[in-house]
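To start, the structure itself, in structure tokens.
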Amino acid sequence: MLLTVHVWRQPDAETQGGFETVSPVQAREEMSILELLDAVNETLERQGDDPVSFDDGCREGICGKCGVTVDGVPHGPDRNRASCMQSLNAYRDGDEVFIEPMRAGALPVKKDLAVDKKSLRRVSKEAKFPVAMKALNTAGCISCGACIAACPNGSGQLFVGTMLKHLPPLAKTPEERDERAAKVLDAADQEFGPCSLLGDCTEVCPAGLPLQNLTSVTRENLHRKFPERYPAPQGPDDDEGSAGAEKK
Ligand code: SF4
Ligand code: FES
């Protein structure tokens, strides 16, 4: 099929960007969004134009490096799939596709479709980076940032809640766990917007992480403020709600 692709071009974070139309682009239904971008770049190069910049890595939904917004949806129209694992099944010959960067204050554009994900790395570092990575890997989070881009508030609560939920069994002492959790909460407050429980994050998360992970942030905040009444979560299987955890 032949598609018309409107792709975002922006030389750097400071310069205003805009859509460039590339047409026709030869595509097949089984192609991923990244493969469509490869086809866009082949078309541009044939025309003597600069290729579009975008991030990729494994192209198997594992590394979290990819991620663009396709027709307004972070990662693309297939629910809970990274951009590299999306198909073009939703498109037919002659269709138009709009591809732009993930949109969030915490994900500034580096160039074209590539965004800077240092906000996620900073929050992870507050938990001690290898520990955070182990916690996130255990849960299946690939640190792609789509939950933040999907949220109208730019909240990272699904990412942060998932990390916090899996921190407890990895710390050496309760004090160390509490200190890490507090630093994560402070960094997340600075980097991301507030959560309004809209649930858009779980619609796009490639790991299919559940809304319940959002409550880990609330539990952690209650424990931080009222440690006697709200004991620290005991691990990912400690699903006792924050109200239920209260000690009279
Ligand atoms: S919680 Fe899901 S959407 Fe958010 S960074 Fe992790 S894998 Fe990506
Ligand atoms: S390129 Fe690694 S998750 Fe998409």
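The values are calculated or read from the model by the stated rules, or taken from the named source; none is laboratory data. Every value quoted in this text rests on a predicted model; they were computed, and no experiment measured them. Using ideal geometry, Cβ is built from the backbone for each residue, glycine included, and neighbour counts are taken over all protein chains shown.
Descriptive notes on the structure:
- Sole residue being in the same structural domain as V7 (by TED's automatic domain parsing) and of a type outside the set (A, V, I, L, M, F, W, C), chosen from G76, G154: G76
- Residues that are outside any loop (DSSP other than H, G, I, E, B) and either in contact with a Lys or Arg (Cβ under 6 Å, 6 or more places away or on another chain) or within 14 Å of ligand 1 (Cβ to nearest atom) (or both) within segment 54-73 comprise V68, T69, V73, listed in sequence order.
- Hey, E42 surrounded by fewer than 16 Cβ atoms within 10 Å (Cβ to Cβ) and outside any loop (DSSP other than H, G, I, E, B) or not: yes
- The set of residues from segment 79-98 being away from ligand 2 (no atom under 16 Å from the Cβ), at pLDDT 95 or above and of a type in the set (G, A, S) comprises just one member, G94.
- Residue within segment 112-132 that is crowded, with 24+ Cβ neighbours inside 10 Å, more than 14 Å from P74 (Cβ to Cβ), modelled with pLDDT of 95 or more and away from ligand 1 (no atom under 12 Å from the Cβ) present: yes
- Residues satisfying the criterion are absent from segment 149-168 (criterion: modelled with pLDDT under 95, more than 11 Å from ligand 1 (Cβ to nearest atom), out of contact with any Pro (no Cβ under 8 Å at 6 or more places or on another chain) and not in a loop (DSSP other than H, G, I, E, B)).
- Condition check for T69: away from ligand 2 (no atom under 16 Å from the Cβ) and β-branched (V, I, T): no
- So G76, is it within 17 Å of P101 (Cβ to Cβ), within 15 Å of ligand 2 (Cβ to nearest atom) and part of a loop (DSSP other than H, G, I, E, B): yes
- Test for D38: is it within 14 Å of ligand 2 (Cβ to nearest atom) and in contact with a helix residue (DSSP H, G or I) (Cβ under 7 Å, 6 or more places away or on another chain): no
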